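Q: Would you mind keeping the following structure in view while I ask a few things?
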Amino acid sequence: MNAPAAIQRDFSAEFPGLVTADGQPWHYLDTAATAQKPRAVIDAMARAMGEDYATVHRGVYARSADMTIAYEAARRTVARFIGGHEDELIFTRGATEAINLVAQTWGRANLKAGDRILLSQLEHHSNIVPWQMVAQETGAVIDVCPLTDDHQIDLDAAEAMLTEAHKLVAFGHVSNVVGSLLDAPRAAAAAYKVGAKLLLDGCQSAPHMGVDVAALACDFYVFSAHKLYGPTGIGALWAKAELLADMPPYQGGGAMIDRVTFAGTTYGSGPQRFEAGTPAITEAIAFAAAADYVSAIGPDRIHAHEQALVARLRRELGAMNDVTLFGPADSAGIVSFAIDDIHPHDLGTILDESNVAIRAGHHCAQPLMDYLGVPATARASFGLYSTEADVDALLAGIARTRKIFGKG
């Protein structure tokens with residue numbers, strides 16, 4: 001197979017957020033937290049909120065009908081982006097709500113005292129706390145899979161831990177801290193061997209590589225728009241149609257019903273049953289615009305571009321005796337590290353003075369920080385717009401920080 005063509009394009013004019021207020025380049029290395037937005041997405045949202053705006057699913061007038069078509073077309077686009085079908089995709093407020101939806105619908109309907117849930121040591125809080133809540137409600141028990149020496153989910157350990165009591169495996173597809181990529185088909189095979197379902201947190205995989213839920217063999221896949229160069233306040237849950245058909249409603253209200261009387265209510269089918277109230281119309285359209293934008297560039301090209309930047313940064317940092325690198329050598333778009341005797345917050349603050357933005361902290365993964373034995377890490381995360389100049393600026397900022405702390 002031929003390697004994907006390199007991205008040779010100046011994105012600075014397409015992403016207005018990559019420039020400071022005084023017109024200087026902003027070296028944005030926090031895309032794992034949220035991605036900057038291209039003009040194509042901003043313009044799509046502005047049109048949807050302006051001259052095209054109307055409610056959906058209710059109006060009999062032409063613009064409402066047009067907006068309904070656009071909203072459902074957005075669902076089809078987002079579903080197709082991950083290899084799914086429109087009747088399998090629910091718009092949610094984000095990946096966090098998507099996981100909570102599965103926990104509070106499928107989880108409450110299918111888990112009972114003595115059942116087990118397998119998570120991993122590297123999960124984001126959003127893939128821990130909802131399961132703790134449903135476990136407390138149902139009497140289910142949570143098990144935690146350890147990591148390998150290079151901070152990947154240890155699937156050998158997972159296979160040894162899984163029993164027929166396990167009903168769900170919920171793993172991050174790519175870690176938001178160390179960038180390790182899960183062998184999802186192997187995880188799925190291990191889960192299915194004992195009759196468990198597999199949920200994948202795809203927040204860090206959908207924006208950075210090609211995703212095909214059929215090839216991943218998962219039952220549930222969640223991701224957010226704002227990490228995919230789209231708007232905040234919206235995400236998606238993909239689930240197998242047969243699972244959705246058996247899941248009870250998540251919230252009650254308009255749009256998710258078939259018929260309401262005071263004697264009782266019947267509910268809509270498919271995704272409709274889980275989208276109570278007026279939906280995030282403009283956000284859904286912008287979500288689809290973001291998916292189209294990424295698709296046009298090519299997820300494989302984006303992944304290769306980011307991997308080249310990761311390789312260079314890890315090589316440069318690895319040559320520094322006082323730097324600890326976390327995660328595997330081929331971490332996906334993310335480099336997490338610590339410098340001896342310099343707190344990540346101090347590093348992040350000093351870098352900001354040079355227009356370099358990284359994330360410093362526990363990254364909503366406190367159990368992983370405990371596992372690594374550090375209070376926090378510095379994290380540089382790349383996007384399709386990241387460049388060698390961003391790496392240069394980061395390395396120069398690190399050198400300056402080390403000098404300030406008397407280390408250089």
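Q: Using Cα pairs under 8 angstrom and six or more residues apart, how large is the relative contact order of the stretch 289-408, in percent? Spell out each step's value before the answer.
A: Values: 133 pairs, mean separation 30.1, N = 120.
Reported relative contact order: 25 percent.
Q: Which of the lysines could a cross-linker bridge to Lys112, judged by Cα under 24 Å and excluding same-chain residues fewer than eight apart?
A: Lys167, Lys193, Lys197, Lys240
Q: Given axes a ≥ b ≥ c from the Cα gyration tensor, I'd like to know whether the stretch 1-112 is rounded (a/c under 1.5), prolate (a/b larger than b/c) or oblate. Before the final figure, lay out each step's value.
A: On the way: a/c = 1.88, a/b = 1.29, b/c = 1.45.
Oblate, because a/c is 1.5 or more while a/b does not exceed b/c.
Q: Relative to the longest principal Cα axis of the chain, at what angle does helix 184-193 sit, 0 to 90 degrees, rounded to 10?
A: With both axes taken from Cα atoms, the answer is about 50 degrees.
Q: Sort the stretch 15-67 into rounded, prolate or oblate with this rule: let a ≥ b ≥ c be the square roots of the eigenvalues of the Cα gyration tensor; rounded if a/c is under 1.5, and if a/c is not under 1.5, prolate when a/b is larger than b/c, oblate otherwise.
A: Numbers: a/c = 5.56, a/b = 2.83, b/c = 1.97.
Note, shape of the stretch 15-67 comes out prolate.
Q: Which percentage, to the nearest 5, of the DSSP beta bridges contained in the chain is antiparallel?
A: On the way: 28 of 47 bridges.
That works out to approximately 60 percent antiparallel.
Q: Additional query: Taking the Cα centre of the chain as origin, work out the dipole magnitude from +1 charges on Lys and Arg Cβ and -1 charges on Asp and Glu Cβ, in debye rounded to 20. Working shown, then result.
A: Values: 31 positive and 47 negative charges, 108 e Å.
Taking the Cα centre of the chain as origin, the dipole is about 520 debye.
Q: Output the 0 to 90 degree angle, nearest 10, between the alpha-carbon long axis of helix 62-81 and the longest principal axis computed from the alpha carbons of the chain.
A: That works out to roughly 60 degrees.
Q: Taking +1 at the Cβ of each Lys and Arg and -1 at the Cβ of each Asp and Glu, which of Ala217, Gly107, Met256 sits farthest along the dipole of the chain towards its positive end, judged by Cα position relative to the Cα centre?
A: Checking the options against the dipole of the chain, the answer is Met256.
Q: What distance in nm lies between label points placed 7 Å from Cα along the C-beta direction at Thr265 and Glu72?
A: Inter-label distance under the simple model: 2.2 nm.
Q: What order do Ser64, Ser295 take when sorted by accessible area (1.4 Å probe), most exposed first?
A: Values: Ser64 0, Ser295 60 Å².
Most to least solvent-accessible, the answer reads Ser295, Ser64.
Q: Once you mark the GluC sites (Glu not before Pro) that are in a DSSP loop and have at most 12 other Cβ atoms within 10 Å, what is the longest gap between them in the chain? The partial results should precede the final answer.
A: Details: sites that count: Glu51, Glu164, Glu353.
Result, exposed sites excluded: 165-352.
Q: If you don't mind, another one. Going by alpha carbons, how many degrees (0 to 90, nearest 10) lie between the helix axis of 129-138 and the longest principal axis of the chain?
A: Roughly 40 degrees, rounded to the nearest 10.
Q: Name the long-range amide H neighbours of Ile142: under 5 Å, sequence gap of 5 or more, or other chain; modelled H, no Pro or chain starts.
A: Ile117
Q: Would you work out if the stretch 118-169 is rounded, prolate or oblate? Take a ≥ b ≥ c from the square roots of the eigenvalues of the alpha-carbon gyration tensor; rounded if a/c is under 1.5, else prolate when a/b is larger than b/c, oblate otherwise.
A: On the way: a/c = 3.48, a/b = 1.40, b/c = 2.48.
Cα axes put the stretch 118-169 in the oblate bin.
Q: Of the listed values [x] 23.7; [y] 17.3; [z] 21.8, identify the label whose number matches mean projected area of the Cα convex hull in nm² calculated from this model.
A: Computed from the coordinates, mean projected area of the Cα convex hull in nm² corresponds to [z].
Q: Please report the relative contact order for the chain, taking Cα pairs under 8 Å with a sequence separation of at least 6, and give it as a percent rounded to a whole number.
A: Numbers: 790 pairs, mean separation 88.2, N = 408.
Relative CO of the chain lands at 22 percent.
Q: Taking a cut-off of 21 Å between Cα atoms, list the lysines near Lys37, but don't count ones fewer than 8 places away on the same chain.
A: In chain and number order, the partners are Lys227.
The values are calculated or read from the model by the stated rules, or taken from the named source; none is laboratory data. This one's a predicted model, so the numbers in the text were calculated from it and none came from an experiment. Because the Cβ atoms are built from the backbone with ideal geometry, glycine has one as well, and the counts that use them run over all protein chains shown. Just the protein is used for accessible areas: all its heavy atoms, side chains included, with ligands, DNA and RNA removed. Shrake-Rupley method; radii C 1.70, N 1.55, O 1.52, S 1.80 Å.
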